[in-house]
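J.: This is the structure I have questions about; it appears just below.
Every number in this text was worked out from the coordinates using simple rules, so none of it is lab data. No experiment lies behind these values; they were computed from the predicted model shown. Reconstructed Cβ throughout: ideal geometry from the backbone, glycine too, with neighbour counts over all protein chains shown.
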Amino acid sequence: MTKLLFLFTVIIGFYSCTAQTHLKDMEEFKEVGWEELNTNAIKLIGKDWMLITAGNIDDYNMMTASWGNIGWLWEKPITTIFVRPQRQTYIYTEREDYYTISFYSEDYRDVLLKMGSVSGRDFDKMNYDKLRPVITPNGSICFKEAEIIIECKKIYSTVIKENEFIDKDIIDDKYPQKDFHTMYIGEITGVWMRK
Ligand SMILES: Cc1cc2nc3c(=O)[nH]c(=O)nc-3n(C[C@H](O)[C@H](O)[C@H](O)COP(=O)(O)O)c2cc1C
């Protein structure tokens, strides 16, 4: 009985310490308003790339993305992301209310290349030691290694429709398999920058 009690205490202690560690890690970041995002968003997303992450600390997935926007819509600061249906991340962006986009220094180019070339279906992304998860106060997941983290709450989503392309060349060029992205618009609910 005493042994059982001891084991129980150790397990509870382990889990609460893990949770505290993740929350404490957020202290390495300074929460700022969206007004303080003053980098070139086209370069930031299109050339530097980002990770899209959705899920909770027990079950999340992330992938590299370079298509998206940061902007203003319906009197709200927003981001837009585009996720193809075959991505493992798609299961999460569909299921969850929140997603994060996060940005990294050039030192993490290889990490972003990896997260953009392997799927969470074939690789244990949650135990990838180069991206250690931290939890936002809303329970969203981002990574200790990030320079900038933007958390968003989904407010609109739609599937890109073939018959609505004005420039039809994009269909053959970007969608030979007709795997049209789902576009999510998310209201920005938090912005953090590395201190
Ligand atoms: C630079 C780069 C940008 C990418 N941008 C996107 C994107 O915007 N949308 C998308 O659906 N996939 C994009 N991908 C592909 C996914 O990151 C890739 O298929 C990834 O392995 C998906 O992982 P998952 O199956 O675990 O979600 C990009 C890949 C790279 C390397």
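J.: Take the residues in region 89-109 that are more than 19 Å from Ile45 (Cβ to Cβ) and within 11 Å of the ligand (Cβ to nearest atom), then tell me which one is surrounded by the fewest Cβ atoms within 10 Å (Cβ to Cβ).
T.: First, the residues of region 89-109 that are more than 19 Å from Ile45 (Cβ to Cβ): 91-92, 94-97.
Now narrow it down to the ones that are within 11 Å of the ligand (Cβ to nearest atom): 91-92.
Working: Ile91: 17, Tyr92: 23.
Out of the qualifying residues, it is Ile91.
J.: Among the strands (runs of 3 or more DSSP E) contained in region 77-195, which hold 3 or more residues that are more than 22 Å from Val32 (Cα to Cα)? Spell out how you get there, then give the answer.
T.: Numbers: elements: 98-103, 133-135, 141-143, 148-159, 182-194.
Where strands (runs of 3 or more DSSP E) fall fully within region 77-195 and carry at least 3 residues being more than 22 Å from Val32 (Cα to Cα), they are 148-159, 182-194.
J.: Taking only region 159-195 into account, find how many residues are β-branched (Val, Ile, Thr), surrounded by 11 or more Cβ atoms within 10 Å (Cβ to Cβ) and farther than 20 Å from Val134 by Cα. Reasoning before the result, please.
T.: Initial filter on region 159-195 (β-branched (Val, Ile, Thr)): 159-160, 166, 170-171, 182, 185, 188-189, 191.
Filter once more, keeping what is surrounded by 11 or more Cβ atoms within 10 Å (Cβ to Cβ): 160, 170-171, 182, 185, 188-189, 191.
So of that shortlist, the ones also farther than 20 Å from Val134 by Cα come out as 160, 170-171, 182, 185.
Count: 5.
J.: Please find, within region 56-76, the residue that is nearest to the ligand (Cβ to nearest atom) out of those that are under 17 Å from Glu187 (Cα atoms) and in a strand (DSSP E or B).
T.: Top of the filtered list is Gly68.
J.: Take the conditions hydrophobic (A, V, I, L, M, F, W, C) and more than 10 Å from the ligand (Cβ to nearest atom) and apply them to Phe143. Does it pass? Step through it out loud before you land on a result.
T.: On the way: hydrophobic (A, V, I, L, M, F, W, C): yes; more than 10 Å from the ligand (Cβ to nearest atom): yes.
So Phe143 passes the test.
J.: While we're on this one: For Lys130, are the conditions met, namely being surrounded by fewer than 21 Cβ atoms within 10 Å (Cβ to Cβ), closer than 25 Å to Phe180 by Cβ and charged (D, E, K, R)?
T.: Numbers: surrounded by fewer than 21 Cβ atoms within 10 Å (Cβ to Cβ): yes; closer than 25 Å to Phe180 by Cβ: no; charged (D, E, K, R): yes.
So Lys130 fails the test.
J.: For region 36-46, state whether one or more residues are within 30 Å of Asp122 (Cβ to Cβ) and in contact with a Ser or Thr (Cβ under 9 Å, 6 or more places away or on another chain). Don't jump to the end; show me each part of the working.
T.: From region 36-46, those within 30 Å of Asp122 (Cβ to Cβ) are 44-46; that's our starting set.
Filter once more, keeping what is in contact with a Ser or Thr (Cβ under 9 Å, 6 or more places away or on another chain): 45-46.
Yes: one or more hits.
J.: Looking only at region 118-143, filter to residues that are of a type in the set (Ser, Thr, Tyr) and in contact (Cβ under 8 Å) with a residue 24 or more places away in the chain; which one of those is farthest from Thr93 (Cα to Cα)?
T.: Filtering region 118-143 for residues of a type in the set (Ser, Thr, Tyr) gives 119, 128, 136, 140.
Narrowing the set further to residues that are in contact (Cβ under 8 Å) with a residue 24 or more places away in the chain leaves 119, 136, 140.
Numbers: Ser119: 15, Thr136: 17, Ser140: 12 Å.
The extreme case among them is Thr136.
J.: Identify all residues within region 77-88 that are surrounded by 19 or more Cβ atoms within 10 Å (Cβ to Cβ) and within 10 Å of the ligand (Cβ to nearest atom); write none if there are none.
T.: Ile81, Val83, Arg87
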